[in-house]
Structures are given as C-alpha cells and as structure tokens.
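S.K.: So that we are looking at the same thing, I have put the structure below in structure tokens.
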Ligand SMILES: Nc1ncnc2c1ncn2[C@@H]1O[C@H](COP(=O)(O)OP(=O)(O)OP(=O)(O)O)[C@@H](O)[C@H]1O
Ligand SMILES: [Mg+2]
C-alpha cells in the first residue's frame, strides 16, 4: 500500500516535472526568422532578435550549460571566473563555520537559560530585542568592526543561526518532564551527570529541531550576504552572472542553491531521527 | 530492637486481641515501646500561596510513623495531599514546616535509600529496559564495571519476570511491563524504603493482581519497609499492615490508623473469605464515604500526635488510643 503510494507519487512528480520543462521549452523556443537582415548584423544581434528567441534561456540551454559546469566544477580562472564547485565550497564553508560557532554558543547558553529561571528572566529582554533584527542589518557594523568581508559574512551567519538554536535549546531543557528529573534526583545523580544523561537526551529532539531551522536560515542568508560582500561564494556568483546578463548561469545557481539547501536539511533531519525517541 | 516486626504482628493477631482488654492493652504498650520508629514524620505542614495573598495549607501538623519492615498504605480522597506526603518523604519536596526522620536521621533531599515507584512509571524512553535499570545501578555503585552492572540489573529484571525483554524500549512494552521495569529499577538499588504513588492505578485488574502479588512477595522476602498510596481498598487490605486514613483537604488530617487484622500469610484470591475481611473493608469504605468529610468537624479534640488506632474485627472496630508516654520515648530515640 505504502510502496504503491510512493510509486504513484513518483509518477505524478515526474509528470509534473516534464510538464514544467515542456512548458518552459515551448515558452522560450525560437519562432523562426522574424526579420531579414544582413548576416553580419544578425550575428551581432544574436538569436533573440533574429529567431524570435526569448531572452530567457530554455531548458536545453540550461541543461547543456549545467553539464559543462558539472564536468569542470573546480576550475579557477581568476576572481570572476571560478567553477561552481569552488563557489559552493566557499558558501558551505562560511555557513559551516558560522553555524558551528552558533552551536558552540547557543547550546550551552540555551542549557543555562533552560535550567536557571533567573538567567532566563535576565537575558529575556536582550533576546527579545536581538532576535527580530534582520541578520543583514548587522553587516555594516560587522564590516566596520571586523574589517574583513569574509569574516563579516561568517558573523552574519552566526548571528542568524544562533537564535532558533538558543530558544529551542532553552525551551527543550526547561520542558524536560519533571518525572525524569525526579528519577535522577531519587537516584542522587549529580548535576553534570544529570545534564548529560537525562536533560540532554530528553531535550535533544527539540534542540535538533532548532538546529534544523537554523541551518535553513543560514543557507538563506548566506546568498544575500555574499551578494553584499562579494568576492567568492554562490551568492556572489549569482550577482556576478546577473551583471554578465547570463540568465542561464543564474538559473543554474538557483537550482544548486536549492539542492544544497535540501541536502543540508536532510543531514540535520537524519541527526534528528537519531535522537528522537518514541514515547 | 531491630526485630520489631514479628512482635508487632503477634499483637495485632486476632488471637491475642481477643484475650481480654487489660492484658491485651498492656502487652500492646510493651510492643510499641519495643518498636523503633524507622520512619517518623513529625509535625509537617505544606502550604501553598492562596488566591488573595494568603496561604492554603494542604495539611498542618501531620505526624505519622512506621516501623522497619512495615507496609503502610495511605487512603484518602483526591487532592487531600497524599502525593505531597510521599514526595516529602522521598525528599523530592520540602515541607513548609516540620521534619521527616528516617532511621534516626532527619532527611535532607532525596536518597538512594528511599526508592520511588512512580505512578506514571517514569522510565527514560531513550533507554532500553536494561538501560533503565542499569542507570539506577550505576547511580548507586559508580565504580562498578559494565559486566557487573549488567549482571546486577539482569537479576532484578528476572525478578519481576521480564527476562527476554531486556533490549526493548519502554514504548514497546505494555503498561504492566513498564510498571515492572519501574519496580525492578527501584529494587535494584536495594533501598531501605520503597515509596509508591498509586503504582498500579493505571493497570487492568489482572495485571494489577499479579503485580500486587509480586510486590508483596518481594517486600516480605527482603524485609522492605514500604509506603504506598492507593485508591483501591482491596489493594490496601491485601498489602498493608497499617492503613492510614486521611480526611479531605484542604487542611487534611491523618484521621485514623487501621491495623490489618488479617493473617500475614493472606492470599489475594481468598482475601474476602477471611472472617475479618468485611469488617475491615466496611470500616475503610465508611470512612471514605462519610467520615472523611465530617471528621474534622466532629472531632475537635483530635490530637494529630496520637492518632487513634483501629482494629476492625468481628464486632464493632476497637479503637485504641496510642499511649502518649511511649510515643515520647520513641521520639527521644529517633532524635
Ligand atoms: N504547586 C502547587 N500549587 C498550589 N497547590 C498545589 C500545588 N501542588 C499541589 N497543590 C495542592 O495540594 C493538594 C494536594 O495535592 P496532592 O497531589 O498531594 O493530592 P493527592 O492526595 O495525591 O491527590 P490524588 O489522589 O488526586 O493524587 C491539592 O489540593 C493541590 O491542589
Ligand atoms: Mg496523588
């Protein structure tokens, strides 16, 4: 039953994909010669003018260009011409670093907030004000104080991924079932051991949910941040190709941003499944 | 001193009870004096902040004591403060006033000597059956190696009849099996006292019966002192040596201690055939139905330190006041 459902869903997915690509192809294909002009002039004007071809690349253009990129993902011809693999690598490295720093800060701090009502109350106003600030609003301040665009981008990732993790950890820790804490108490388990053997496993699913939200936000923000700071990264690539008017490359970049985002999410989802326990 | 149990039992037995008031009572006094107060709850109160700035007392000036190896059951209506008493005894909760003395020492917080069997079993769902029991074992004996912990945990899993289910997670167990794991976990740390808060109330009658048998067998075999909250009168009659009756809250009091006149070797199945069974049962049910509401109003002179002890028998229940002098001397020993 479930396998047949999965099979039917796959068929519908493929059909939708084909319909989309087909429509795209028809919408962007050439309509034949629209004007007669001298061959030199026509060459100058390009297919858009001569064949009635849309400025939007069709799926075949994108496909062949994508294949080109996939064949040489890591070439490096100077600052404005690098392989997509290198650009994605830069973005993933920034996200990874900023996210890692956020984990290191948010989880212990979240534990503290969750376990101590005093710290919870004391930090609450700061968190309430800092949380809704768009991470990109920090950018000028970061550039000014850090004076390094790469590090500023990492800082922006840090600041945007810290909040969901912090709040979820604090919530998860504070919401650990009283009876599990009482079990540890009646067994005279010390605070540190209790934190690792009861609170951490009990709060882990909530913490992982926060981490999963964070990685999603971080990946959303990196593209915008790199558009601002420039240099390297998939965000910079998108902006650069837009300036080159290479819509094909922009589309490819969009596609890859989606795929990488999905992979990051899937990795976190797998971790989340590992720590979830049925009740 | 330590061996108070058989003597206590002897004097509550119907044979001696019938042997004439004066003689019976004199012996009774002697027996009490011999019994060490293993658990002594002394003048505890628990208050919560009330609605308009005042305080609501769940109970005030509550005294309760138990001898080593005794099985005590608390019965009372919902909300009268039974769980509160048990949590204070466990060290999970602090009384607003008063103290609890166990084995001659005032308790401070929880202890591995006092195991709790929780109503909601409270197993750690991310651990297996073995893992849950082993967690308790490693908490008590921190320097034991894995093999020793495992072997010890296994003994208690076998004891509650869960052999073969060691590697299951709590979510894969039935309610009765979960409760057994809770019992195994509590017993595995070889506590001096077992505290049980309605441990079987969520189970079906059949499973409840089996677990009652098991708890009774284990308590008798290991000489466990047990304190149990229940709403089930038959459960109390089957398991308890002493049944503590509490009036309705707020301001609940321990109204009466009922001594179980049934023989120690009673069986769960033929409990109701015992000649004293109905007298005992009616006495408790009467209390729950009517006297628990009116007790405080009808007994203005109720002394919480000398709660009446009732021993329902063939006729009307005999109410014997607990002699004051003895109480004080035992008090002195405890302190
Ligand atoms: N945190 C609290 N704040 C205020 N009142 C409380 C609090 N905890 C318990 N109470 C009150 O204390 C009283 C006793 O509660 P307790 O849980 O001991 O009852 P109980 O006798 O165990 O009842 P039940 O049989 O339903 O389990 C109740 O009336 C309850 O309203
Ligand atoms: Mg209760």
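The values are calculated or read from the model by the stated rules, or taken from the named source; none is laboratory data. The shown structure was predicted, so the numbers you read here are calculated from the model rather than taken from an experiment. Every residue, glycine as well, gets a Cβ built from its backbone with ideal geometry; the counts of neighbours run over all protein chains shown.
S.K.: Do we find that residue B:124 is away from ligand 1 (no atom under 16 Å from the Cβ) and modelled with pLDDT of 95 or more in this structure?
M.R.: Working: away from ligand 1 (no atom under 16 Å from the Cβ): yes; modelled with pLDDT of 95 or more: yes.
Yes; evaluated as a whole, the condition is true for this residue.
S.K.: Being assigned to a helix (DSSP H, G or I) and without any contact (Cβ under 8 Å) to a residue 12 or more places away in the chain is the filter here; which residues of the range A:71-88 pass it?
M.R.: A:71
S.K.: Quick one: residue A:12 ticks every box in (1) at pLDDT below 85; (2) under 28 Å from the mean Cα position of the chain (by Cα) bar one, so which box is it?
M.R.: It is condition (1) that residue A:12 fails.
S.K.: Looking at the structure I just gave you, is residue B:142 surrounded by fewer than 16 Cβ atoms within 10 Å (Cβ to Cβ), more than 30 Å from residue B:250 (Cβ to Cβ), within 13 Å of another protein chain (Cβ to nearest Cβ) and without any contact (Cβ under 8 Å) to a residue 60 or more places away in the chain?
M.R.: Details: surrounded by fewer than 16 Cβ atoms within 10 Å (Cβ to Cβ): yes; more than 30 Å from residue B:250 (Cβ to Cβ): yes; within 13 Å of another protein chain (Cβ to nearest Cβ): yes; without any contact (Cβ under 8 Å) to a residue 60 or more places away in the chain: yes.
Yes, satisfied.
S.K.: Let me ask you something else. How many residues does the range B:179-196 hold that are part of a loop (DSSP other than H, G, I, E, B) and within 16 Å of ligand 1 (Cβ to nearest atom)? Talk me through it step by step, then tell me what you get.
M.R.: Taking the range B:179-196 first, the residues part of a loop (DSSP other than H, G, I, E, B) are B:189-192.
Then keep just the ones that are within 16 Å of ligand 1 (Cβ to nearest atom); that gives none.
So the answer is 0.
S.K.: Can you tell me which residue is nearest to ligand 2 (Cβ to nearest atom) among those in the range B:69-83 that are buried (at least 21 other Cβ atoms within 10 Å of the Cβ) and not in a strand (DSSP E or B)?
M.R.: Restricting attention to the range B:69-83, the residues satisfying the condition of being buried (at least 21 other Cβ atoms within 10 Å of the Cβ) are B:69-76, B:80-82.
If we keep only those that are not in a strand (DSSP E or B) too, we end up with B:69-70, B:76, B:80-82.
Working: B:69: 25, B:70: 21, B:76: 10, B:80: 9, B:81: 8, B:82: 5 Å.
Checked the range B:69-83; the qualifying residue nearest to ligand 2 (Cβ to nearest atom) is B:82.
Rundown of residues vs (1) at pLDDT 95 or above; (2) crowded, with 19+ Cβ neighbours inside 10 Å; (3) under 30 Å from residue A:279 (Cα atoms); (4) facing chain B (nearest Cβ under 10 Å), yes/no style:
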site	(1), (2), (3), (4)
A:169	yes, yes, yes, no
A:173	yes, yes, yes, no
A:189	no, yes, yes, yes
A:198	yes, yes, yes, yes
A:202	yes, yes, yes, yes
A:207	yes, yes, yes, no
A:210	yes, yes, yes, no
A:214	yes, yes, yes, no
A:230	no, no, no, no
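S.K.: Let me ask something else about it. Scan B:199, B:261 and give me the residue that is touching a helix residue (DSSP H, G or I) at 6+ places or on another chain (Cβ under 7 Å), within 16 Å of ligand 2 (Cβ to nearest atom) and not in a strand (DSSP E or B). Walk me through it before giving the result.
M.R.: Values: B:261 fails: within 16 Å of ligand 2 (Cβ to nearest atom).
Every option except B:199 fails the conditions.
S.K.: State all residues of the range A:232-252 that are on the phi > 0 side of the Ramachandran plot and modelled with pLDDT under 90; if no residue qualifies, say none.
M.R.: The initial filter retains those residues of the range A:232-252 that are on the phi > 0 side of the Ramachandran plot, namely A:233, A:245.
Hit for the range A:232-252 is A:245, nothing else.
S.K.: Select from the range A:262-279 the residues that are part of a helix (DSSP H, G or I) and within 14 Å of chain B (Cβ to nearest Cβ) and list them in ascending order.
M.R.: Hits for the range A:262-279 are A:272, A:273, A:274, A:275.
S.K.: Follow-up question, since we're still on this one. So residue B:67 passes all but one of these: (1) more than 28 Å from residue B:280 (Cα to Cα); (2) out of contact with any strand residue (DSSP E or B) (no Cβ under 7 Å at 6 or more places or on another chain). Which condition number does it fail?
M.R.: Status for residue B:67: all satisfied but (1).
S.K.: Here are some conditions: (1) over 20 Å from residue A:190 (Cα atoms); (2) touching a strand residue (DSSP E or B) at 6+ places or on another chain (Cβ under 8 Å); (3) without any contact (Cβ under 8 Å) to a residue 60 or more places away in the chain. Residue B:102 meets all but one. Which one does it not meet?
M.R.: With (1) over 20 Å from residue A:190 (Cα atoms); (2) touching a strand residue (DSSP E or B) at 6+ places or on another chain (Cβ under 8 Å); (3) without any contact (Cβ under 8 Å) to a residue 60 or more places away in the chain applied to residue B:102, the lone miss is (3).
S.K.: Filter the range B:227-243 down to residues that are within 14 Å of ligand 2 (Cβ to nearest atom) and away from chain A (no Cβ under 14 Å) and give me whichever is farthest from residue B:305 (Cα to Cα). Quick ask: steps written out before the conclusion?
M.R.: Narrowing the range B:227-243 to residues within 14 Å of ligand 2 (Cβ to nearest atom): B:227-232.
Checking which are away from chain A (no Cβ under 14 Å) leaves us with B:228-232.
On the way: B:228: 21, B:229: 21, B:230: 23, B:231: 25, B:232: 26 Å.
Among them, the one singled out is B:232.
S.K.: Looking for whichever is part of a helix (DSSP H, G or I), farther than 19 Å from residue B:66 by Cα and facing another protein chain (nearest Cβ under 7 Å) here; the options are B:147, B:136, B:122. Which one fits? Before you say what the answer is, go through the steps one by one.
M.R.: Numbers: B:147 fails: facing another protein chain (nearest Cβ under 7 Å); B:122 fails: part of a helix (DSSP H, G or I).
Checking each option against the conditions leaves just B:136.
S.K.: Ok, one more. Under the condition of being more than 15 Å from residue B:81 (Cβ to Cβ) and touching a helix residue (DSSP H, G or I) at 6+ places or on another chain (Cβ under 6 Å), which residue from the range B:37-51 is modelled with the highest pLDDT?
M.R.: Restricting to residues being more than 15 Å from residue B:81 (Cβ to Cβ) and touching a helix residue (DSSP H, G or I) at 6+ places or on another chain (Cβ under 6 Å), the top hit is B:40.
S.K.: Output the residues belonging to the range A:81-117 that are buried (at least 20 other Cβ atoms within 10 Å of the Cβ) and more than 22 Å from residue A:171 (Cβ to Cβ).
M.R.: Listed by number, the residues that qualify are A:82, A:84, A:87, A:90, A:91, A:94, A:95, A:98.
S.K.: Additional query: Given the condition within 24 Å of residue B:218 (Cα to Cα), within 16 Å of the chain's Cα centre (by Cα) and not in a helix (DSSP H, G or I), answer yes or no: does some residue in the range B:86-99 qualify? Give the derivation first.
M.R.: So the first thing to find is which residues in the range B:86-99 are within 24 Å of residue B:218 (Cα to Cα), and the list is B:86-87, B:89-91.
Then drop every residue that is not within 16 Å of the chain's Cα centre (by Cα), which leaves B:86-87, B:89-91.
If we keep only those that are not in a helix (DSSP H, G or I) too, we end up with B:91.
Looking for residues that are within 24 Å of residue B:218 (Cα to Cα), within 16 Å of the chain's Cα centre (by Cα) and not in a helix (DSSP H, G or I), one finds at least one in the range B:86-99, hence yes.
S.K.: If you don't mind, there's one more thing I want to ask. Might you check whether a residue that is over 21 Å from the mean Cα position of the chain (by Cα), in a helix (DSSP H, G or I) and touching a residue at least 40 places away in the same chain (Cβ under 8 Å) occurs anywhere in the range A:229-247?
M.R.: Quick first cut of the range A:229-247, residues over 21 Å from the mean Cα position of the chain (by Cα) only: A:243-247.
Subsequent filtering for residues that are in a helix (DSSP H, G or I) retains A:243, A:247.
Next cut, touching a residue at least 40 places away in the same chain (Cβ under 8 Å) only: A:247.
Yes, the range A:229-247 has at least one match.
S.K.: Quick one: is residue B:98 modelled with pLDDT under 95, farther than 20 Å from residue B:185 by Cβ and surrounded by 16 or more Cβ atoms within 10 Å (Cβ to Cβ)? Spell out the reasoning first.
M.R.: Values: modelled with pLDDT under 95: yes; farther than 20 Å from residue B:185 by Cβ: yes; surrounded by 16 or more Cβ atoms within 10 Å (Cβ to Cβ): yes.
The answer is yes for residue B:98.
S.K.: Just checking, how many residues over the range B:204-256 are within 16 Å of ligand 1 (Cβ to nearest atom) and assigned to a loop (DSSP other than H, G, I, E, B)? Spell out how you get there, then give the answer.
M.R.: Just the residues of the range B:204-256 that are within 16 Å of ligand 1 (Cβ to nearest atom), to begin with: B:227-233, B:235-236, B:243-255.
Still in the list and also assigned to a loop (DSSP other than H, G, I, E, B): B:230-232, B:247-251, B:253.
Adding up the residues that qualify gives 9.
S.K.: Among the candidates B:115, B:90, which residue alone is within 16 Å of ligand 2 (Cβ to nearest atom), at pLDDT 90 or above and within 14 Å of chain A (Cβ to nearest Cβ)?
M.R.: Details: B:115 fails: within 16 Å of ligand 2 (Cβ to nearest atom).
Exactly one residue qualifies, and that residue is B:90.
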